[in-house]
Each structure stands twice: as C-alpha cells, then as structure tokens.
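To start, the structure under review is shown below, and the notes come after it.
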Amino acid sequence: MKTPLKLAFGLLIVSLAGFFGLTAFHVKPIVAYTVTTISSSALFLAAFALLLKHEVNGKYFFGLLAAGILLRLAFLAVQPVGSPDYYRYVWDGKVQASGINPYRYAPDDPALDSLHSDLIPKLVTYPDMRTIYPPLSENLFRLAYMIGGESYFGIKLLLFVFDIFTMWGLFLAMKRLNIDRKYLLLYALCPLPIVQFFLDGHVDSFGFVFLAFSIYFYFGGRKTIAYLFVGLSMLIKPLALIVVPVFFFEEKGALNRIKSAAIPLLLFGLCYLPYMFTGYPFQALAKFTENWTFNGVVFDILDSFIRDNQRTRAICAVLLVISYLPVILSRKDVLTKIYMSIFLLFIFSPIVHPWYIGWLAVLLPLMPRWSGAAYVALSSLTAFTILTYQLTGVWNDYTLVLIFEYIPVIILFIMELLRKAAPLPAADR
C-alpha cells in the first residue's frame with residue numbers, strides 16, 4: 001500500500017473522528033457537523049483517486065475496514081445533529097408498540113394524547129401529517145422502540161447491525177463478480193453513510209442490505225430471491241422501485257419478465273394490505289411528493305422559469321422517463337443500468353437530501369465511478385443549508401451549492417457515457 005494512499009485514508013479517518021474533538025472544545029455541534037462533513041468528503045475524493053491506482057494488502061485492508069466499523073460504533077452514542085427525523089421514527093415505534101396502526105393518526109391527533117411525553121411528539125416535525133414510511137421501516141421502528149424506548153439508541157443500534165450485513169453482502173457480491181475487495185473501503189470509510197446514518201440516524205441504510213444481497217443473488221442465478229430482496233428494499237424506501245424495470249428488461253421470455261416485476265410489487269402491496277383497513281398509508285406520501293423540494297438541480301432550474309411546482313414536477317417526470325428508457329433498454333450490463341437508473345432519478349428529482357445519495361454510495365464498491373464518488377462527496381455542501389437553518393431559523397437552498405455540487409457531477413457522468421466502451425476499473429468480468 002503506497003504512502004500517499006495511507007496518508008489519504010489516515011487523514012480521512014482523523015477528519016471523521018475530528019467531530020468528537022471539535023465538540024469536546026465546545027464548538028457548536030452543527031458547526032462541528034458542517035466542518036466534519038465537508039472536510040472528510042474532500043479527503044474521501046483524494047482517497048478514491050488513489051485507491052483506483054494502488055493496491056491495498058490484507059493487513060491494511062482489514063485495518064481500514066475495522067476503522068470504518070469503529071467510527072460507526074463511536075457515533076452510536078451521539079445525539080443526532082443535522083436532522084430531527086429520528087423523533088418521528090421513535091414516535092411511530094411507540095404508536096405501533098401500543099397496538100395502533102401508525103398510518104391511522106397524525107402525531108397531534110387527540111386520539112393519541114395518552115402516548116404523549118415531554119419529548120414526543122412535541123419534537124416531531126410536521127406533527128399534523130400521518131407517517132410516510134413503508135411497513136418494513138415501521139416495524140423496525142417498533143423494534144427500535146422496544147430496544148431503546150424514546151432514545152435514538154435503538155434506531156442507531158439496528159442501523160449498525162444492518163450495515164454490517166450490508167458490507168458482508170457487498171463483499172460476497174464483489175467476490176462473485178471478481179471485483180477487488182479494496183473497493184469495499186469506498187463504502188466502509190465513505191463519510192456520507194457514517195454521518196447521515198450513524199450520526200443522524202436516517203433509515204435509508206436499512207434498505208441497502210437488501211439491495212446488496214439482491215445483486216449477490218441475481219448474479220448467483222437465484223433470481224427469485226433477488227427479486228424478493230428488491231421488494232424488501234422497496235419496503236424500506238420506494239426508491240428501490242427504479243431497479244424493477246432493469247431486471248424486467250434483462251429477462252428473456254414473458255413469464256420470466258412477469259415474475260421479475262410481480263414478485264417485488266406483490267410483496268410490496270401485500271405488506272401494506274394489513275394497514276389499509278384501519279389507516280391511510282399513502283396520504284402523507286402523496287402530500288410529500290406534491291409539495292417538498294430540496295437540492296434538485298433540474299427541478300430548481302426549470303422551476304425558476306416555470307414558477308409552478310406541479311407543472312415542473314410533471315416535466316421532470318417526463319424528462320426522467322425519456323432519459324431512463326434508453327438506459328434500461330440498452331446493452332449495458334445490469335450493474336451499470338442499476339447505477340445509472342438511480343443516478344438519473346436523483347438528477348431529475350425535486351428532493352435530493354444527502355442521505356438519499358447513500359443509495360449511490362452503497363454501489364461504489366461495485367461501480368467505482370467518478371460521477372458517483374463526486375456526487376456522494378459534493379452533496380456534503382448541502383450542510384450549509386442545515387447550518388444556516390439551525391443558527392438563524394431560515395431555510396435557504398443556496399444556488400452556489402447547486403452549482404458546485406452538480407456541475408462536476410454531471411460533467412463526469414457525461415464523460416463516463418462517452419467512454420461507454422471502456423472497461424470498469426474495478427472489475428475483471
């Protein structure tokens with residue numbers, strides 16, 4: 001392992017651990033959060049560049065992998081800083097543990113007054129909205145509540161367990177695809193999952209393990225299990241639905257194609273079914289997709305001219321389909337199609353929180369693309385919005401952040417498209 005690569009990973013680890021040093025010196029947590037997120041993301045890009053060029057022997061590989069795991073453990077005991085979303089997870093878990101359908105009432109509904117405490121739902125954002133999260137997420141919230149009560153610890157502990165299995169699934173998939181194990185470090189030491197999931201406790205990470213194992217089973221010829229795992233991933237976040245057409249058009253024969261779509265979609269629908277008789281599972285999701293916007297580059301550009309939220313969303317949806325269909329119908333390999341599908345979804349989405357981009361971060365070991373690495377790293381610039389909001393109470397989507405985040409990412413993505421004949425640097429297929 002070359003000295004520059006050792007130095008880059010060493011500084012990356014120090015930068016992530018620096019959060020604890022900054023807060024120990026009484027730096028405001030949100031300031032420490034912003035400094036840590038942006039500095040470690042810059043160092044991640046340096047480590048990515050060097051990792052593409054240099055080998056990593058067994059001793060250093062396992063040492064760096066252990067460092068990634070230890071950093072995750074260290075953040076388990078830290079109060080989330082950048083987002084209050086975990087209060088909603090705790091509330092939903094408490095509601096379910098009380099035997100109540102979490103989709104039936106909004107947190108501020110008088111029917112749930114007996115469940116109120118000094119902490120929740122007082123600190124739940126949008127307490128007038130019913131929950132938005134799919135059934136598997138909701139059941140994990142209940143388990144987390146049973147473990148940690150109203151603390152964030154239960155959620156974080158489950159995230160840690162799931163993430164260990166995610167890395168195992170990635171390792172198995174990489175081994176099956178003959179991809180150098182060194183690329184697992186692109187997820188294990190990536191600042192985005194460490195900060196967004198183990199500091200702030202966002203739940204997307206629950207879905208990564210199912211995506212990783214679906215890829216592993218798919219390339220092992222066990223496609224039925226692969227499709228089931230895609231469905232489970234959708235039950236954490238419907239974003240994984242974008243993968244279904246990829247498998248559909250890869251299959252040969254009508255029956256196989258039907259199976260590739262029917263298995264995940266039926267699983268998704270059946271898991272919602274028990275909640276639909278006494279609740280409103282999709283009401284909050286419909287409201288969320290109608291109104292919310294953040295960090296969506298194409299949406300923001302178009303809406304600056306159109307000035308009509310719904311119309312702009314419709315145009316973005318059409319543009320997504322126009323760009324998405326050539327990808328899934330192309331002769332590109334399955335992994336490339338999955339990667340490009342998720343990438344395009346974010347480019348045309350009105351809402352791209354940094355933790356959403358974790359769905360690209362988990363693919364980096366399998367698809368070490370510069371566009372993905374840059375997106376994962378540069379999304380850290382959105383921390384300026386969180387910093388401003390917590391210090392001033394004003395939510396501001398900075399145009400300069402969009403420029404510095406997306407121009408390099410889109411340029412790199414286009415360059416990769418133009419080099420479509422070039423072999424992937426990580427794989428020997």
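The values are calculated or read from the model by the stated rules, or taken from the named source; none is laboratory data. Since this is a predicted model, take the numbers as computed values, not measurements. Cβ atoms come from the backbone with ideal geometry, glycine included; neighbour counts cover every protein chain shown.
Taking region 6-26 as the search range and keeping residues that are at pLDDT 95 or above, over 15 Å from residue 71 (Cα atoms) and surrounded by 15 or more Cβ atoms within 10 Å (Cβ to Cβ), which one is nearest to the chain's Cα centre (by Cα)?
The selected residue is 8.
Right, residue 146: of a type in the set (A, V, I, L, M), more than 19 Å from residue 73 (Cβ to Cβ) and in a loop (DSSP other than H, G, I, E, B) or not?
Criteria not met by residue 146.
Hey, among the residues in region 171-215 that are outside any helix (DSSP H, G or I) and among the hydrophobic types (A, V, I, L, M, F, W, C), which one's nearest to residue 377 (Cα to Cα)?
Among those that are outside any helix (DSSP H, G or I) and among the hydrophobic types (A, V, I, L, M, F, W, C), it is 190.
Matching residues to (1) without any contact (Cβ under 8 Å) to a residue 12 or more places away in the chain; (2) touching a helix residue (DSSP H, G or I) at 6+ places or on another chain (Cβ under 6 Å); (3) closer than 26 Å to residue 369 by Cα:
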position	(1), (2), (3)
282	yes, no, no
305	yes, no, no
309	no, no, no
316	no, yes, yes
319	no, yes, yes
322	yes, no, yes
335	no, no, yes
340	no, yes, yes
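Restricted to region 281-302, and to residues that are assigned to a helix (DSSP H, G or I) and of a type outside the set (A, V, I, L, M), which residue is surrounded by the most Cβ atoms within 10 Å (Cβ to Cβ)?
By that ranking, first place goes to 299.
Scan region 145-153 and tell me whether some residue there is surrounded by 16 or more Cβ atoms within 10 Å (Cβ to Cβ) and either over 30 Å from residue 29 (Cα atoms) or of a type in the set (A, V, I, L, M) (or both).
Within region 145-153, not a single residue is surrounded by 16 or more Cβ atoms within 10 Å (Cβ to Cβ) and either over 30 Å from residue 29 (Cα atoms) or of a type in the set (A, V, I, L, M) (or both).
Give me the residue from region 403-429 that is surrounded by 18 or more Cβ atoms within 10 Å (Cβ to Cβ) and at pLDDT 95 or above and, out of that set, nearest to residue 33 (Cα to Cα).
Top of the filtered list is 405.
From the list 111, 106, which one is assigned to a loop (DSSP other than H, G, I, E, B), farther than 29 Å from residue 195 by Cβ and at pLDDT 95 or above?
106
Out of everything in region 264-280 that is closer than 22 Å to residue 205 by Cα and in contact (Cβ under 8 Å) with a residue 24 or more places away in the chain, what residue ends up being surrounded by the most Cβ atoms within 10 Å (Cβ to Cβ)?
Per the criteria, the residue is 264.
If I ask for residues that are of a type in the set (Val, Ile, Thr) and either touching a Lys or Arg at 6+ places or on another chain (Cβ under 9 Å) or outside any loop (DSSP other than H, G, I, E, B) (or both), which ones from region 341-364 would you list?
Answer for region 341-364, where residues must be of a type in the set (Val, Ile, Thr) and either touching a Lys or Arg at 6+ places or on another chain (Cβ under 9 Å) or outside any loop (DSSP other than H, G, I, E, B) (or both): 342, 347, 351.
Within 23 Å of residue 143 (Cα to Cα) and either outside any loop (DSSP other than H, G, I, E, B) or free of Cβ contacts under 8 Å to residues at least 24 places away in the same chain (or both), is that true of residue 93?
Against the criterion (within 23 Å of residue 143 (Cα to Cα) and either outside any loop (DSSP other than H, G, I, E, B) or free of Cβ contacts under 8 Å to residues at least 24 places away in the same chain (or both)), residue 93 qualifies.
Which residue, of 300, 308, is at pLDDT 95 or above and more than 24 Å from residue 106 (Cβ to Cβ)?
300
Among all residue pairs at least 6 apart or on different chains, which show Cβ distances below 7 Å where the first residue, located in region 146-162, is of a type in the set (Ser, Thr, Tyr) and the second is part of a loop (DSSP other than H, G, I, E, B) and surrounded by 20 or more Cβ atoms within 10 Å (Cβ to Cβ)?
Sorted first by the residue in region 146-162, then by its partner, the pairs are 152/80; 152/201.
Are any residues in region 366-382 in contact with a strand residue (DSSP E or B) (Cβ under 7 Å, 6 or more places away or on another chain) and either closer than 20 Å to residue 218 by Cβ or not in a helix (DSSP H, G or I) (or both), and if so, which ones?
The one that is in contact with a strand residue (DSSP E or B) (Cβ under 7 Å, 6 or more places away or on another chain) and either closer than 20 Å to residue 218 by Cβ or not in a helix (DSSP H, G or I) (or both): 366.
Output the number of the condition that residue 77 fails; it satisfies all remaining conditions of (1) part of a helix (DSSP H, G or I); (2) in contact (Cβ under 8 Å) with a residue 60 or more places away in the chain; (3) surrounded by fewer than 22 Cβ atoms within 10 Å (Cβ to Cβ); (4) among the small types (Gly, Ala, Ser).
Result: residue 77 fails condition (1) only.
Just checking, does region 278-298 include any residue being touching a His at 6+ places or on another chain (Cβ under 9 Å), more than 30 Å from residue 228 (Cβ to Cβ) and polar (S, T, N, Q)?
Yes, there is a match, as at least one residue in region 278-298 is touching a His at 6+ places or on another chain (Cβ under 9 Å), more than 30 Å from residue 228 (Cβ to Cβ) and polar (S, T, N, Q).
Mind telling me which of the residues 42, 47, 66 ends up being at pLDDT 95 or above, surrounded by 18 or more Cβ atoms within 10 Å (Cβ to Cβ) and in a helix (DSSP H, G or I)?
47
When you scan region 236-250, do you find a residue that is part of a helix (DSSP H, G or I), surrounded by 24 or more Cβ atoms within 10 Å (Cβ to Cβ) and small (Gly, Ala, Ser), even just one?
Within region 236-250, one or more residues are part of a helix (DSSP H, G or I), surrounded by 24 or more Cβ atoms within 10 Å (Cβ to Cβ) and small (Gly, Ala, Ser).
I need the full set of residues from region 80-94 which are of a type in the set (Gly, Ala, Ser) and either surrounded by 23 or more Cβ atoms within 10 Å (Cβ to Cβ) or in contact with a strand residue (DSSP E or B) (Cβ under 8 Å, 6 or more places away or on another chain) (or both), in order please.
Residues satisfying the conditions are 82, 93.
Tell me which residues, restricted to region 1-33, are assigned to a helix (DSSP H, G or I), under 23 Å from residue 49 (Cα atoms) and either in contact (Cβ under 8 Å) with a residue 12 or more places away in the chain or touching a Pro at 6+ places or on another chain (Cβ under 6 Å) (or both).
Within region 1-33, 4, 5, 6, 8, 9, 11, 12, 13, 15, 16, 17, 18 meet the criteria.
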